[in-house]
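To keep things clear, I will list the structure first and then write my remarks on it.
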Amino acid sequence: MKNQNTAHKQIRPSEVAGAKTMNPFAKAIAAAIVIAITLLLVTDITKAQSVAGRIAFGFDAGGNKYYGDYTDNQFAFHGDAFIRWNILDELSLHLAYNGGQLRYKTTLAEQTYENGLAGGPYAGPVGSLNHTRVGGWDLMASYNVFPDQTFVPYFIAGIELLNFEPKNVNDASLGNNANAAYHKNVLGGALGVGFEMYVNEKITFNGKVLLHLTGTDWIDDYSNPVTYRQDAFLTMGLGFSYYIFAPAVAKAPEREVATNVTNVTNNYTTNIIRYDTVMVHETDTVYREKVRKNTIYNFPGTLFIVNTDEFNTNVPGNMQSLRNIKILVNQCPELKVEIQGHASHEGTVARNQELSEMRARKIRNWLIGQDVNSNKITATVGLGTTDDAVYESTNSSPEQLESERVQNRRIAVKVTEGCQ
């Protein structure tokens, strides 16, 4: 029998290849990075978000590293294909199948041990690569950090149903494997970190690092009779995913502005060729007989403290404007909306863009705090100064200019799924 002293073997320096060349999976990772950077430079990611209700299909490809009873320095190719379902903005469920090959070099002690088993020899020559084919189904959950940003890191953990097959350099089963000394289907777990980086609304460049806790000590065909230390392996990969059910990028709407100042109900029919837009003041009733898809409701009365995303509660009617937004969003159970933030032209373009994004998220968080179902809000978007309600004249009086800017500092609600 193999004793404890042969459990942890060291590879002689002469057995380690001296030449340092880029292996295939390193080339694949480098190519994926180049493709991702290229796509990021040529596409618009201003509306991308990891929002609830979306499903993605994707893959990762990279390498793995074995950790077991034999000291080793070998990396090998590993990859997975997965389906990702965003249950909530911050919580996603992942179903994946991963596969690859773990590699570890044959030592003299291992060769002697394997050749001593009945029916040997098993292990190849000293220094040759034994390997274990691994493949497994993973069911994991991730916590998404900053889900409303274009770069979304996450923490992930779950269970794994793993199958493995230890073999020698000639692809023949190693000794204990040939003698059926253990089960080759085991239940383990996986945990790690990852990220999504949006190339556009539907395509993401992604990657993750997982530590696979196999639940067995036989991955390398040997179990230490003293420690029974569980074998493990690390996987690292980069890839792409494609989201279905992603909201479409909206074209700039043609304006049809109604400036009602009395408490009335406005009924209308949506033109399916272009967007209808409605300007809602604090005295308006926002109910419509049927809230149509692609209608945009502007709420210029939703005011914020200058250069912040804090509500300006000192202005009369501001909270009523917020309540009108809530009334609109709760119009019917199937209604879904996109919250859009807008800014006037004072300040820098970058700061106005940032403010509009912050204010759109503020409205979303306020609505959720008011018990509005988060699934009704498909996205928050900052449009900065790109979609003015009125033109800001530069040669008018300060009072006139401010009256124009107030109309551009607004929140808009775009209907993405209307009432039946």
Count, please, the residues in the range 307-330 that happen to be more than 15 Å from Asp371 (Cβ to Cβ) and either touching a Ser or Thr at 6+ places or on another chain (Cβ under 8 Å) or open to solvent by 20 Å² or more (accessible area, probe 1.4 Å) (or both). 15
Within the range 183-208, how many residues are in a loop (DSSP other than H, G, I, E, B), touching a Ser or Thr at 6+ places or on another chain (Cβ under 7 Å) and either open to solvent by 20 Å² or more (accessible area, probe 1.4 Å) or at pLDDT 90 or above (or both)? 1
Answer yes or no as to whether Glu392 is buried (at least 17 other Cβ atoms within 10 Å of the Cβ), at pLDDT below 85, over 23 Å from Gly53 (Cβ atoms) and in contact with a helix residue (DSSP H, G or I) (Cβ under 7 Å, 6 or more places away or on another chain). yes
Selection from the range 219-235 of residues open to solvent by 60 Å² or more (accessible area, probe 1.4 Å) and either among the polar types (S, T, N, Q) or modelled with pLDDT of 90 or more (or both) yields Thr227, Gln230
Residues of the range 335-363 being assigned to a helix (DSSP H, G or I) and open to solvent by less than 30 Å² (accessible area, probe 1.4 Å), which ones? Asn352, Leu355, Ser356, Arg359, Ala360, Ile363
Report, ordered by the first and then the second residue, all pairs with beta carbons closer than 9 Å, sequence separation of six or more or different chains, a first member in the range 389-403 that is without any contact (Cβ under 8 Å) to a residue 24 or more places away in the chain, and a second member that is among the basic types (Lys, Arg). Val390/Arg405
Residue list for the range 290-336, filter: in contact (Cβ under 8 Å) with a residue 24 or more places away in the chain, hydrophobic (A, V, I, L, M, F, W, C) and more than 15 Å from Arg359 (Cβ to Cβ): Val291, Ile296, Ile327, Leu328, Val329, Cys332, Leu335
Condition first: assigned to a loop (DSSP other than H, G, I, E, B) and at pLDDT 85 or above. Can you find one or more residues in the range 314-321 that meet it? no
Tell me, please, whether a residue that is within 23 Å of the chain's Cα centre (by Cα), outside any loop (DSSP other than H, G, I, E, B) and not β-branched (Val, Ile, Thr) can be found in the range 377-385. yes
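The values are calculated or read from the model by the stated rules, or taken from the named source; none is laboratory data. Values in this document were obtained by computation on a predicted structure and should not be read as measured data. Reconstructed Cβ throughout: ideal geometry from the backbone, glycine too, with neighbour counts over all protein chains shown. For the accessible areas, the whole protein counts, side chains as well, though only heavy atoms, and no ligand, DNA or RNA atoms are used. Shrake-Rupley method; radii C 1.70, N 1.55, O 1.52, S 1.80 Å.
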